[in-house]
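I have placed the structure first, in the form of structure tokens, so that the comments after it can refer back to it.
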Amino acid sequence: MDLNGISAIVTGGASGLGEATVRSLAARGARVVVVDMNPEKGEAVAKDVGGVFAQADVSDPDQVIAAVEAAKELGPLRALVTAAGVGWATRTIGRDGQYDSAHDLAIFKKVIEVNLVGTFNCIRLAATAMGQNEPLADNEKGAIVTVASVAAFDGQIGQASYSASKGGVVGMTLPVARDLSAAGIRVNCIAPGLIDTPIYGEGEASEAFKDKLKRDVLFPDRLGFATEFSSMAIELLSNSYMNAETIRVDGGVRMQPK
């Protein structure tokens, strides 16, 4: 699928993996709607690439519909990348044996709401708009890339909510791809490993922490670059024979328990 002249939506597009994907799409001629909760960063990225910013909670149907409508104003919506997500680290039970110290259920629900429900919300609404497009070669109307994590497979201590949410994203890849095949829409998933993004901060302490993180990366001996993620996203969007697959982009890492 040719990305030049299409419109695309990238959630979590104001920073990290999402921002890198926004810039890669724009470099290939796509008009991009940057969806994020941070208006300052989101508007700056959108302005930089000639796109549009839409402030939206990915689990909110009305806000996502507004983002989809904004994309349709830019051109036929044919691409969605769902990079928005939140993380949390809490053990399932506390050390004192009290019910109150067990994992906060509201936090567990929130992580699922954003990472899993929010991803599906964006898929169902963007795919509805894609289904209205004129078909390309092979009757293709659009392509979707969701973002899971290696935590879906190698979840560490304290990652119950995060791993459950990302495991759900992996788990729905095939059935959603099957659902959308009748509409000419492909669905693939990327499970990134340890990618060097602003989430790790800056400075000497940050660099020391990242140096420790890379211990289980097989090769190369470093964290990944956001552009290495975005290049895979571009491939999955543009390669019309890629469908219903989950691909780890992780340098061969297999995460240890902690």
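Values in this text are rule-based calculations from the coordinates and carry no lab data. Keep in mind that what you see is a predicted model, and the values were worked out from it rather than measured. Cβ: placed from backbone, ideal geometry, glycine included. Neighbour counts: every protein chain shown.
Details
- Taking the longest Cα principal axis of the chain as reference, the axis of helix 160-171 is set at about 30 degrees.
- Derived scalar couplings between HN and Hα for the stretch 241-258 equal 9, 8, 7, 6, 10, 10, 10, 7, 10, 8, x, x, 5, 10, 5, 7, x, 7 Hz in order, rounded to whole Hz, by the Karplus curve 6.51 cos²θ - 1.76 cosθ + 1.60 (θ = phi - 60°), x for Gly and Pro.
- About its Cα centre, the stretch 139-258 has a charge dipole of approximately 360 debye under the convention of +1 per Lys or Arg Cβ and -1 per Asp or Glu Cβ, with nothing else charged.
- Computed from phi, the 3J(HN,Hα) profile of the stretch 81-93 under the Karplus parametrisation 6.51, -1.76, 1.60 (θ = phi - 60°) reads 10, 9, 9, 6, x, 10, x, 7, 10, 8, 5, 5, 10 Hz, with x in place of Gly and Pro.
- Near the amide H of A191, within less than 5 Å, lie the amide hydrogens of A148, I247, R248, V249, all on another chain or at least 5 residues away, with H placed in the peptide plane.
- Those lysines that a straight Cα-Cα span of less than 19 Å connects to K41, excepting residues fewer than 8 apart in one chain: none
- If R0 is 41 Å, the Cβ-Cβ spacing of S101 and E134 corresponds to a FRET efficiency of close to 0.10.
- Candidate cross-link partners of K214 among the aspartates and glutamates, defined by an alpha-carbon separation under 18 Å and a same-chain spacing of 8 or more, comprise D154, D196, E202, E204, E228, D250.
- Extension gain, K47-R222: 0.36 nm per intervening residue step, less the Cα-Cα distance, totals 59.8 nm.
- Counting only Cβ charges, +1 for Lys and Arg and -1 for Asp and Glu, the dipole size of the stretch 7-247 around its Cα centre is about 380 debye.
- 10 Å beta-carbon shell around V187, net charge (K/R +1, D/E -1): 0
- Axis of helix 204-213 versus longest Cα principal axis of the chain: the two differ by about 90°, to the nearest ten degrees.
- For the stretch 197-258, convex hull volume per residue from C-alpha positions, Å³: 110 Å³
- Helix 61-74 and the longest principal axis of the Cα set of the chain meet at an angle near 40°.
- Cα convex hull of the chain, projected area averaged across orientations, nm²: 14.1 nm²
- Dividing the summed helix terms, -39500 (n - 2.57) for each DSSP H run of n ≥ 4, by the number of residues in the chain produces a 222 nm estimate of -12500 deg cm²/dmol to the nearest 500.
- Contact order relative to length of the stretch 7-247, as percent, for alpha carbon pairs under 8 angstrom and 6 or more apart: 20 percent
- Separation between Cα centres of the stretch 137-213 and the stretch 79-136, rounded to whole Å: 11 Å
- The convex hull defined by the C-alpha atoms of the stretch 149-220 has an orientation-averaged projected area of 6.5 nm².
- Most fluctuating residue given options V117, V145, V86, as computed from a GNM of the chain linking Cα atoms under 10 Å: V86
- Site pair N38 and T92 shows an inter-label distance of 3.3 nm when each label is modelled 7 Å from Cα along Cα→Cβ.
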